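Everything on this sheet refers to the single structure shown next.
Taken together, the values in this text are just the output of simple stated rules run on the coordinates, not laboratory data. Source: prediction; values computed, not measured.
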């Protein structure tokens, strides 16, 4: 008859809750650390750098040792001009390589964040 939470008069209906449900958060998806990633996989990164640093050449050198599928490219600058964003896609073979990529890119002078 009436499906949903609104009655015919557009008034919200009260829906009874089950008292047998003890853990309401048990249905949440697994945390990212518990999720499985099937390797090899292509990862898309956004790298934020300070605009005064000449990080683009150093970033290109840092990612060159990985299997790059979409080359490093300037994405955009921040509205205040203090930061630059670069994007790159890399084929990663395993979790250890993913962690190594993250460490390698973060060691480039001027890199503020890797997403």
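A few remarks follow.
- Using C-alpha pairs below 8 Å separated by at least 6 residues, the relative contact order for region 39-114 is 46 percent.
- Relative frequency of Cα-Cα separations exceeding 22 Å in region 39-114, percent: 18
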